Structures are given as C-alpha cells and as structure tokens.
1. Taking R0 as 45 Å, what's the FRET efficiency between Ala209 and Glu347 from their Cβ-Cβ distance, rounded to 0.05?
2. Please state the relative contact order of the chain as a whole percent: Cα pairs under 8 Å, 6+ residues apart?
3. Could you work out the local net charge near Leu87, counting Lys and Arg as +1, Asp and Glu as -1, over the other residues with Cβ closer than 10 Å to its Cβ?
4. Assign unit charges at the C-beta atoms only (+1 for Lys and Arg, -1 for Asp and Glu), then state the dipole size of the chain relative to its Cα centre in Debye, rounded to the nearest 20.
5. Summing +1 for each Lys or Arg and -1 for each Asp or Glu, what net charge is found among the other residues whose Cβ lies under 13 Å from the Cβ of Ala204?
6. Rank these for me by crowding, Met223, Met217, Met259, going from fewest to most other beta carbons within 10 Å.
7. In the stretch 111-251, what is the volume of the convex hull around the alpha carbon atoms, normalised per residue and reported in Å³?
8. Quick one: what are the phi-derived ³J(HN,Hα) couplings along the stretch 212-229, Karplus 6.51/-1.76/1.60 with θ = phi - 60°, whole Hz, x for glycine and proline?
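No lab work stands behind these numbers, since they all come straight from the coordinates. Since the structure is predicted, the reported quantities are computational estimates derived from the model, not experimental observations. Virtual Cβ from ideal backbone geometry, glycine too; neighbours counted across all protein chains shown.
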Amino acid sequence: MTTSPEELLPSTQRALVHRIAVAQSEGRAPSLVAAVVRGGHAVWHGARTSVDGEVPDETVQYRIGSITKTFIAVLVLRLRDEGVLDLGDPLEKHLPRTGAGEATVAELLAHTGGLAAESPAPWWERTPGSLRPELSDVLGDRPLVHPVGRRHHYSNPGYTLLGALVEQLRGAPWDEALRREVLEPLGLHRTSAQPQAPHASGWAVHPWADALLPEPMEDLGRMAPAGQLWSTTGDLARFAAFLAHGDDQVLSAESVREMRTPAAPAAAEDVAGGATYGLGLQIQHRDGRLLVGHSGSLPGFLANLTISVADDVAAVVLANCTSGPLLSAVGADLVRIVAEAEPRIPEPWRPLREVERSVLELAGPWCWGTQAFALRVTADGLIALEPLSGTGRRARFRSNGDGTWAGLEGYYAGELLRAVRRPDGSVSHLDLGSFVFTRQPYDEEAPVPGGVDPDGWRGIG
C-alpha cells in the first residue's frame, strides 16, 4: 500500500491505537481495523482482534454495507458528466414503469425521492436476493411513503433503482461497470461484490454474554447496489483520497465537491446534530469541523468512512460484528486526533501572477447600507466579500469573463455581482443581486434604493 513519507508522530500513533483499542474492547468486536489518510495517502493502519496471532492487515476484506451507495453515486455522476443524463431528469425518462419514476435522479441520490426505507418483508439484509428478482419485488405495492422531493427519508430501494439505472444506461451489470470505471482506475483491487480471500467472517455478539453467533452471508441480488460491496482499509483509504481531491480518470474535483455539497433538507431531529446528506455522502458538523463520508452495516459487519476536507485528513474503520462499537464516533475521533495533534501546515502565501487593474480597483471597503464589508482579490483568481464586523453574509465569487462575477457559496451562491461604472469609467457602486454596495454608507451619488435624505447625516439633537 502506498504510504506517505511524512509519518505521524509516535504520540499521535499511540493516541490512534488507544482509540481503536477502546472501541474494540468496549464494543466487543471480534476484530476492528482502521486507517488514517493525510495528504492523499494512508499514513497509519491499526488493528485489534480477539484472536491471538491473527491480526488483520489493510488487505483483509470486510463487508462495507451502505458505503456501496457512495460508489453507486460516483457511477451516476459519471453518467451526468458524460451528458448521458441530467440530475434533474425524472427516473421515468431512463427507467420507465417502476412506479417511482416521478422522482428525479438527484432526489434518489439525496434520499428525497419519497421512497420507503426498506423493501417489503422478509428483511432483505438477512435473506437471499433470489426472493426479490424484479424491481417490483424491491419496491412493493406502495413504493412512495412521502411526497417526492419534500423531505429526506433514507431509502435503500432508492439506490437499488440507481443501480438499475446504471445497468440500463451502461448495458452491463452495475458491479461490472463499477470495476471498469471506478475500481480499476483508482487501484481498488481488493474491492468486490463477492468476498475474496482473505476476508473476515461476520458475527453477532450476544448482548448479555461474551458469546458469538455466525451471521448469514447473503447475496443481496437486486438490493446489492444498496450494500453489497466488500472492501479493505487499504482500498477505502484510496477511495477517501479520491472523494477529497477527485481524479480526472473517474470524476473531477468539481464533481466530487458537488457530491459533498448538501442536497437534502435536514429533518428536524437532524438540525441539532448538524447532519444532512449530499449526493451519495453523509454530511455532519462534529467537534467544530465539517465531516463527509458514509457509514455502513450489514448483519455481521460495521463500516465507516469519515473525511475532513479542510484538515485533509480521513479515517476508515471496519469491524466484523452486527452491533457494538459506534464507528461513526470512532472515525470522527481518529480524524480529530490527527488534525489537532498535527494540524495541517498551510501552503506558502503566494501573490497573484497577474493583476488586472479593473479588478484591483474593486478591492477594499464597501458598505451595504450601514454594514461595512471588505472585498479582497485572492491568488486563486477569485474575489471574496467579507463583513468587517465578523457577522454577516460572506462569499467568494468567480469571474464570468465578461466583467461579472458568480457567487460560489452561502446566500450569494449563483447570484451575480457586477461593478457599475460612471460615464468616465470609474466605479460608481457594486450591484449584487439588486443590493447596492457603495464606498461610503448611503452614498448620495449612488443609486441607493429609496434614495438618501438630502440633509445627510446628523446628530440626535
């Protein structure tokens, strides 16, 4: 496995070992393996096991459950980037007569398509996929349990539909398309739809006794796109680096950034926890940082992939038990330990290569009403508008090449900023989505909406 030459400090490594040791011991997991990624490379691997002399390494497969959904989302985004589909397309356009065709591709990716959480009984995770040979067997008589697009409701059948969509448009089984388009280009040679030795066995741990029961290992059939894959900490470490940085062989940095962007309205119970969902990725705020990734579970296995893009640190944690250690907390802790013990060293400041005078004259203080802002021209070719008080709307803008700028985030995402010039070419004011920004508060020489009192500013007396 590729390892960064910049190894973690011994104290950091010990803290990581301690965290997974506590998780394996208190969670009573037969085995637990983990990896940490920094700077696009795995920099640490750890394992704890209940069997002496059989410590699993980064090549041992575990079932990863719903992390499979993130792989399916990558395949769908590839179809979009190729122009084969649009995320706004209703499913019916490409996969007709499912009974759920009103939902769009984007809504299925974000679990806002209104579909049920599970397929009809018996429970699909512990029964053979041969019981559900057709999509109609997966969706049942009542596929929709909520109005389409109105709320986030996690749906396993929704990703079965996305897997079927991939098969329809690629003319090949979803796992074959995945191997050809994602796994091979990224070097994920130990990720597969069926287990390949060496792999862990799945166990249930008795809740009131230190005893084990083997779990069935079913082929999920039609439901496979919701959770079939097996993988390793080594492969998932590479996948985490891809989700953070992109890879033009598979998806661009811009497209993986879109996957990491919230696309689903958070339910009331999720708002307090700061959790939402993107396109095939879970998103949460924890310990003051934004984390993206996905959890997974199937009988006998737990999995978690957690990424902090801002810290450039990711963690993978896998265990072979049905329940026990809370891997989402473990993954977040592994990221936090590295980010706090060895904070990311910023790149050296570098000036712009070229400075356009027409852009530079926009830099400096501006006022929206009585609120003071600063507009900065940054080395990445963007401009940033920031409130001087520390509170207020802020955003970065990318040039459209015609003298206007498009907002990239927050309230001003997609909104247009333009400099309005006087007949002599000097800048009168900025227009940002109808808001007028002036050099002085309520500049009487600018077209301030509602006008400015002709007597100007005054005292209270």
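1. Numbers: r = 54 Å, r/R0 = 1.19.
So the FRET efficiency works out to roughly 0.25.
2. Numbers: 964 pairs, mean separation 73.4, N = 461.
Relative CO of the chain lands at 16 percent.
3. Values: positive: Arg80; negative: Asp86, Asp89, Glu107, Glu258.
Surrounding charge for Leu87 is -3.
4. On the way: 41 positive and 57 negative charges, 62 e Å.
Roughly 300 debye for the chain.
5. Working: positive: Arg28, Arg126; negative: Glu125, Asp210, Glu215.
Net of charged neighbours comes to -1.
6. On the way: Met223 25, Met217 16, Met259 22.
Lowest to highest Cβ neighbour count: Met217, Met259, Met223.
7. Values: hull volume 23.5 nm³, N = 141.
Dividing the Cα hull volume of the stretch 111-251 by its residues yields 167 Å³.
8. Each residue of the stretch 212-229 in turn: 10, 9, x, 9, x, 10, 8, 7, 7, x, 4, 7, 4, x, 8, x, 7, 5 Hz.
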